[in-house]
Amino acid sequence: MRRPARIPRTENDNTDSESETRAMKASPSESEPSGTARLLQAGVLLWLAGIGLRLTILAVPPVIPLIRDDLSLSATEIGVLTGIPAVLFALAAIPGSLLIARFGALTTLLVGLLATAAGSAFRGIAPDIWFLYAATVVTGFGVAVMQPALPPLVRAWMPQKIGFGTAVYANGLLIGEVLPVALTLPLIVPLTDGGWRGPFLAWAAPCVVFAVVILLFAPGRRAAAGASGFASNRKWWPDWNSGLLWRIGIMFGTVNAMYFTINAFVPDILARTGRDDLISITLTALNVGQLPASLLLLVFAGRLVRKVWPYVACGVGAVVAILGIMFGPPSVVIACALLNGFVDAGVLILIFALPPLLAKPEDVHRLAAGMFTISYSCAVITPILSGLAWDLSGEPLAAFVPVLLGGVVLIVLAPGIGGVARASRDVHA
């Protein structure tokens, strides 16, 4: 059985004096929740943090037509606006690792939530496209530094239930994707100013609330010292020589690339192939299909994360789904869109759980940051390759070839997950 990391007494003396003073005045049950209560507390906080990862990012697509008309934007400017977050997710993950090493994962998470809220609010008052770009960079940066902060917090708050904790915040992430898409146009726009600015201000507010709640109710420092304490001598730069880092980064990148590429190209491809009536329901299926996977993995993630077959099965499922979307009749297109959403979410949740399982406590943020850098680089590059494939061939369906190859790569790389002990030694070296 793995023993929890021992925290040096001298470090506690410097950082926990207030906690120890409170502990002297209260019994253990009064100073810190235990058992089921503590698990529930940590789960709720992780779920809220997960929602905060996507709430402001997905607030953009519903109001793009309003922004385009108000600011007279070109298609290229819209493309830049929607592409900025993915670029930031890749570029700012390592600065997030540095923040975690210097100030702790909890502080970094709170900074990320507040930066995301500030960026979203600034978007709501943007007078022109350049201000809107800058505000979107702030929003993307906030999310980018939050992402590597969550794996070490899962390990600190739920050390015996890492798979479950990961599935909880991943479920929150998916809820954060669905809420703004579902509610912005029918509810938030009418309740605000009827334009595109009000929704950005409205979606910023929950992120501030989440930050306050997490600050007030985060599990005690002693339980999360490795994740929330100051540690100026901790390493932060990813180990780019680690085979495990590249394996899980590319595996994660394949499903990220599928998600971004298929969502980007499906509407145009369906329109060009005379299936306009399938656009809305196919996009809905792609995103709704993720929710059942997140719910199932709340129960089974801990049992599946170390096994090879779930990753292989998801890779096979992704290949089948993409082929079905490319060549199937309407009913098959919709079913395969659901399947693709399901397998994308399944791999996402399982790989989210790997850094806290395979890395030393002090290295979780480094492995996570490197993983996010590689994976979101794939998400940025693959749509470009898909567009090139379409342009060079003149065939719309050619845009799906790069993501189809990504499913094959996932299948090929998956067997390496089985050697957990060997891979863990590789990371720790």
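Only the coordinates and a few stated rules stand behind these numbers; no lab work does. Please read all numbers here as calculations on a predicted model, not as lab measurements. Cβ: placed from backbone, ideal geometry, glycine included. Neighbour counts: every protein chain shown.
Descriptive notes on the structure:
- Anisotropy class of region 243-428 from Cα gyration tensor, a/c 1.5 cut: prolate
- The slack between Ser72 and Val308, meaning 0.36 nm per residue of separation minus the straight C-alpha distance, is 80.0 nm.
- Relative contact order (%) - criterion: Cα under 8 Å, at least six apart; region: region 36-228: 40
- In terms of the mean number of neighbouring beta-carbon atoms within 10 Å, the peptides 308-315, 108-115 order highest first as 108-115, 308-315.
- Cα long-axis angle, helix 279-288 against the chain (0 to 90 degrees, to the nearest 10): 20
- For the chain, lysine pairs with C-alpha atoms less than 24 angstrom apart, excluding pairs fewer than eight positions apart on the same chain, total 4.
- Reduced Cα scattering model of the chain, Debye log10 I(q)/I(0), q = 0.10 Å⁻¹: -0.68
- Across the chain, the relative contact order, built from alpha-carbon pairs under 8 Å that are at least six residues apart, equals 23 percent.
- Order by protection proxy (mean Cβ within 10 Å, highest first), peptides 86-96, 160-170, 56-66: 160-170, 86-96, 56-66
- Cα long-axis angle, helix 129-146 against the chain (0 to 90 degrees, to the nearest 10): 40
- Against the chain, whose longest principal axis is taken from its Cα atoms, helix 330-352 shows a tilt of about 20°.
- 222 nm mean residue ellipticity, helices alone, for the chain (DSSP H n ≥ 4; -39,500 (n - 2.57); rounded to 500): -24500 deg cm²/dmol
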